[in-house]
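Engineer: One structure follows; several queries about it will come next.
The values are calculated or read from the model by the stated rules, or taken from the named source; none is laboratory data. Quick caveat: nothing in here was measured; it's all calculated off a predicted structure. Every residue, glycine among them, receives a Cβ derived from its backbone with ideal geometry; neighbour counts consider all protein chains shown. Just the protein is used for accessible areas: all its heavy atoms, side chains included, with ligands, DNA and RNA removed. Shrake-Rupley method; radii C 1.70, N 1.55, O 1.52, S 1.80 Å.
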Amino acid sequence: MVKFLDLKKITDSFQPELSDAVRRVVDSGWYLQGKENSGFEKEYTDYIGVSHTVGCANGLDALTLIFMAYKELGALKEGDEVIVPANTYIATILSISDNGLVPVLVEPDLNTMQIDAENIESSITEKTRAVMIVHLYGKCAYTDRIAEICERHNLLLIEDNAQAHGCMFGNKRTGSLGCAAAHSFYPGKNLGALGDGGAITTNDDNLASMVRRLANYGSDRKYVFPSIGINSRLDELQAAVLRVKLKRLDKDNDRRRSIAGRYINEINNPIVRIPINLNPDKDNVYHIFPVLCEKRDSLQKYLSDRGIMTLIHYPIPPHLQECYKRKDILKFRGNLSLTELIHNQELSLPVSPVMTDDEVTEVIEAVNSFR
Ligand SMILES: *Cc1c(COP(=O)(O)O)cnc(C)c1O
């Protein structure tokens, strides 16, 4: 039996350090906004290569806080348009619509499944103020062309790095490429806590201070509230866990890459398509290994009958979700047929740092024998 993601095995592989870290926090008597959070913020700041990390409660809050902060700073206002990939997890879109901003969905490039720069440029209107890129499946979505479009049109470039901790673009990390980036430490992510967690990274001093204020009820100083904020904190237990796991992130990502490398080289079933990876070395941390297959549902059942667990990321695209059908919140041109094709054909094969070579072989043989 090949699990999709064996979280228990992953957690065990960090022992005894993980339990030691948890015990250290339990014994300290200090559970919020202490040494572990500030230690993690510093270590993550160095790792990503930015000037600030602000810990928060989860990835959706991280995304939401970035937009809240830009509104509070006057860089965005309600009704402004934010260009975003149509094929993403719902949280990306929620953070935009929750802030009264208008998500403008654009189609991906089917070869990479990442946002298509030409579609960004052709979707710009006089109301466009920002572009949100998503390093979906762990693959870098940033390109020089996207940066150039944002600069020329004076748009904020924001990264959703929930799936791509440790991913590189040249010698920089995703999360340091745009104006601000959101990270999720949901347990299943490449850098995962033992519960919820999130962070914002940025090189912008004003943005970092504003995010910190808004995540703390809108306060920089005890009992003084210049802004209307929320309560969103990375607790000490999760921060301590993340500090342990961050040390092994690059090694874990290398293991994911080597598994993905075998899938790319050894899966040779003509009806199973592997997305093109332009720079297979560094620009992908393989949070997910997606394949496309017209007979996706029978492939999934075929693998499951052979004890191989797979998932679909994601079965229903945001623009077809009930929550967005009721109101006229989303904007897009045409019919988003590429996005729908991906949602109809995508299947995620198991990939994780604790998978054995034998398990990888089992997956490859099963996929290759599917007709
Ligand atoms: C997981 C995820 C989020 C949300 O993170 P949470 O910590 O679960 O709130 C946002 N965007 C993407 C692309 C994700 O995969």
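Engineer: Please work out which residue is farthest from the ligand (Cβ to nearest atom), limiting yourself to segment 21-46 and to residues that are touching a strand residue (DSSP E or B) at 6+ places or on another chain (Cβ under 8 Å) and open to solvent by less than 40 Å² (accessible area, probe 1.4 Å).
Structural biologist: Restricting attention to segment 21-46, the residues satisfying the condition of being touching a strand residue (DSSP E or B) at 6+ places or on another chain (Cβ under 8 Å) are 31-32, 37, 40-42, 44-45.
Then keep just the ones that are open to solvent by less than 40 Å² (accessible area, probe 1.4 Å); that gives 37, 40-41, 44-45.
Details: 37: 16, 40: 15, 41: 17, 44: 15, 45: 19 Å.
Here the answer is 45.
Engineer: Failed condition for residue 203, given (1) open to solvent by less than 10 Å² (accessible area, probe 1.4 Å); (2) more than 16 Å from the ligand (Cβ to nearest atom), with all others met?
Structural biologist: With (1) open to solvent by less than 10 Å² (accessible area, probe 1.4 Å); (2) more than 16 Å from the ligand (Cβ to nearest atom) applied to residue 203, the lone miss is (1).
Engineer: Please determine, by comparing only the residues of segment 321-341 that are modelled with pLDDT under 95 and in a helix (DSSP H, G or I), which one is least open to solvent (accessible area, probe 1.4 Å).
Structural biologist: Here the answer is 324.
Engineer: If you don't mind, there's one more thing I want to ask. Look at residue 121 and say whether it is open to solvent by 10 Å² or more (accessible area, probe 1.4 Å), part of a helix (DSSP H, G or I), away from the ligand (no atom under 16 Å from the Cβ) and without any contact (Cβ under 8 Å) to a residue 24 or more places away in the chain.
Structural biologist: On the way: open to solvent by 10 Å² or more (accessible area, probe 1.4 Å): yes; part of a helix (DSSP H, G or I): yes; away from the ligand (no atom under 16 Å from the Cβ): yes; without any contact (Cβ under 8 Å) to a residue 24 or more places away in the chain: no.
In short, no.
Engineer: In segment 1-20, what count of residues is obtained for those that are more than 30 Å from residue 366 (Cα to Cα) and open to solvent by less than 80 Å² (accessible area, probe 1.4 Å)?
Structural biologist: Within segment 1-20, the first condition is being more than 30 Å from residue 366 (Cα to Cα), and the residues that meet it are 14-20.
Restricting the remaining residues to those that are open to solvent by less than 80 Å² (accessible area, probe 1.4 Å) gives 14-15, 18-19.
Selection size over segment 1-20: 4.
Engineer: Assuming residue 174 fulfils every condition listed in (1) among the hydroxyl-bearing types (Ser, Thr, Tyr); (2) more than 9 Å from the ligand (Cβ to nearest atom); (3) open to solvent by 30 Å² or more (accessible area, probe 1.4 Å); (4) closer than 21 Å to residue 257 by Cα apart from one, which condition is it?
Structural biologist: (3)
Engineer: For segment 69-78, does any single residue satisfy the condition of being in contact with an Asp or Glu (Cβ under 9 Å, 6 or more places away or on another chain), more than 22 Å from residue 210 (Cβ to Cβ) and not aromatic (Phe, Trp, Tyr)?
Structural biologist: No, because not a single residue in segment 69-78 is in contact with an Asp or Glu (Cβ under 9 Å, 6 or more places away or on another chain), more than 22 Å from residue 210 (Cβ to Cβ) and not aromatic (Phe, Trp, Tyr).
Engineer: Within segment 49-75, track down each residue that is away from the ligand (no atom under 14 Å from the Cβ), under 20 Å from residue 197 (Cα atoms) and in a helix (DSSP H, G or I).
Structural biologist: Residues satisfying the conditions are 68, 69.
Engineer: I'd like the residue in segment 76-109 that is in contact (Cβ under 8 Å) with a residue 40 or more places away in the chain, crowded, with 18+ Cβ neighbours inside 10 Å and assigned to a loop (DSSP other than H, G, I, E, B) and, out of all such residues, is nearest to the ligand (Cβ to nearest atom).
Structural biologist: It comes out as 89.
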